[in-house]
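Data block below; observations after.
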Amino acid sequence: MSAKNTASQDRQPSPAPDSVALPPAGKPARPAPSRSLMKLLAFSKADDGPMGDFPSERKPGVRWLSVVVPLVCLTVAIAGAAVAAAIFLPRWQASAAVVPSGQLVMNSEPAGAEVRVDGELRGVTPLTLSLPAGTHALQLDRAGITRSIAVAVKAGSDATHYVDLQAPPVAEVGQLLVTTEPAGAHVSVDGQARGVSPVSIGDITPGQHAVSIKSEKGTVQRSVTVERGQTASLVVSLVAQSAFGWVSISSPVVMQVFEGDQKFGTTETDRIVMSPGRHTLKIVNTRLGVQLSRSVEVPVGGAATLKVDVPDGIVNLNALPWAEAWIDGRRIGETPLANIKIPLGDHEALFRHPQLGERRQTFTVTANEPTRVALDLRK
């Protein structure tokens with residue numbers, strides 16, 4: 001090889017590390033790509049070949065970002081909507097579920113009456129309740145006295161009601177029923193003419209009174225005692241004095257005395273005048289459900305006595321959660337107590353619990369059916 005060629009070869013530069021192979025002789029040489037271009041071309045290739053082993057070196061293209069950014073925004077919007085629904089939807093539902101209501105204040109005289117609103121027991125007076133707006137049916141019960149009223153509750157307002165549960169007052173006067181045999185006699189009480197027999201006199205002051213009965217057969221004088229709120233009966237025969245008698249009736253409760261449809265008086269009357277002979281009497285107390293039939297022989301000019309035994313009634317006692325029970329001061333036992341025999345009439349029960357205190361309840365025992373007395377001491 002000549003020296004010129006040798007020098008020419010010595011002047012040729014060494015190929016750059018990133019350069020490509022030279023073209024064959026006779027073809028024009030291409031300019032060598034730069035290092036950065038080569039790197040971009042290499043990392044834009046698909047994930048195959050040797051470059052698939054270096055995913056950390058790849059950079060996302062513009063098309064991939066155009067998909068990812070909207071997805072991220074949509075996810076953030078959905079999450080924000082979910083948070084807003086979780087915060088505001090329960091509040092909206094709670095406000096939509098609120099029912100307008102008002103306040104009702106119930107008082108009674110005396111206090112301690114059970115209050116039922118639309119049939120549901122809500123407590124005892126004095127009582128303050130929050131009720132839905134509208135009209136409600138109220139029932140108050142105490143000591144056998146019941147009152148039912150309708151109340152209107154307005155939204156956002158207070159309504160106060162007072163109910164009188166006191167027993168009706170006993171009349172300050174009594175009555176006198178005068179019957180004669182035969183009828184048509186003139187009747188005077190304490191010297192004042194009061195009518196023709198049979199006559200009912202309704203304004204007799206309590207106490208003893210002188211009754212004068214005058215007919216064509218003569219005048220008969222009687223003394224009668226009238227009690228407040230009661231009816232005294234006086235039956236007088238105007239035939240010969242030896243042609244009548246009387247009967248005295250004793251009973252644990254006040255009973256009315258009938259013969260057929262004719263009322264002769266009550267068991268409180270000391271003497272019920274009747275004609276001599278045998279009588280079948282009907283003895284009745286409607287309130288207690290008692291109707292008895294008794295026969296008596298009335299002697300001429302004398303008295304017959306009749307004792308009426310009234311059957312016992314049944315009472316059942318119960319208290320929540322439990323209690324010791326007394327009736328008319330006599331200890332019965334611990335509730336529940338069933339089928340307790342007790343005389344007919346009015347009684348008082350006492351319920352006592354060591355933590356909940358004691359409560360009293362009056363009740364009436366009748367012959368019609370067992371009487372049930374129950375209290376909730378927790379209220």
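I'd like the full set of residues that are small (G, A, S) and exposed (fewer than 15 other Cβ atoms within 10 Å of the Cβ), limited to segment 143-158.
Start the filter on segment 143-158 by keeping residues that are small (G, A, S), which leaves 143-144, 148, 150, 152, 155-157.
If the condition is that a residue be small (G, A, S) and exposed (fewer than 15 other Cβ atoms within 10 Å of the Cβ), then G144, S148, A150, A152, A155, G156, S157 are the ones that fit.
Among the residues of segment 333-367, write down those that are aliphatic (A, V, I, L, M) and surrounded by 13 or more Cβ atoms within 10 Å (Cβ to Cβ).
Pass one, segment 333-367, residues aliphatic (A, V, I, L, M): 337-338, 340, 342, 344, 349-350, 356, 365, 367.
Passing the criteria: L337, I340, I342, L344, A349, L350, L356, V365, A367.
For segment 263-284, name all the residues that are more than 10 Å from V298 (Cβ to Cβ) and either without any contact (Cβ under 8 Å) to a residue 60 or more places away in the chain or outside the structural domain of S250 (by TED's automatic domain parsing) (or both).
Those that are more than 10 Å from V298 (Cβ to Cβ) and either without any contact (Cβ under 8 Å) to a residue 60 or more places away in the chain or outside the structural domain of S250 (by TED's automatic domain parsing) (or both): T266, T267, E268, T269, D270, R271, T280, L281, K282, I283, V284.
Checking the conditions here, which among S233, S197 is over 51 Å from the mean Cα position of the chain (by Cα), buried (at least 17 other Cβ atoms within 10 Å of the Cβ) and among the hydroxyl-bearing types (S, T, Y)? Even if it seems obvious, please write down each step before you answer.
On the way: S233 fails: over 51 Å from the mean Cα position of the chain (by Cα).
From the options S233, S197, the qualifying one is S197.
Within segment 148-191, can you find the residues that are charged (D, E, K, R) and either free of Cβ contacts under 8 Å to residues at least 24 places away in the same chain or not in a strand (DSSP E or B) (or both)?
Looking only at segment 148-191, we keep the residues that are charged (D, E, K, R), and these are 154, 158, 164, 172, 181, 190.
Within segment 148-191, K154, E172, D190 qualify.
The values are calculated or read from the model by the stated rules, or taken from the named source; none is laboratory data. Here the structure is a predicted model, which means the values were calculated and not measured. Every residue, glycine among them, receives a Cβ derived from its backbone with ideal geometry; neighbour counts consider all protein chains shown.
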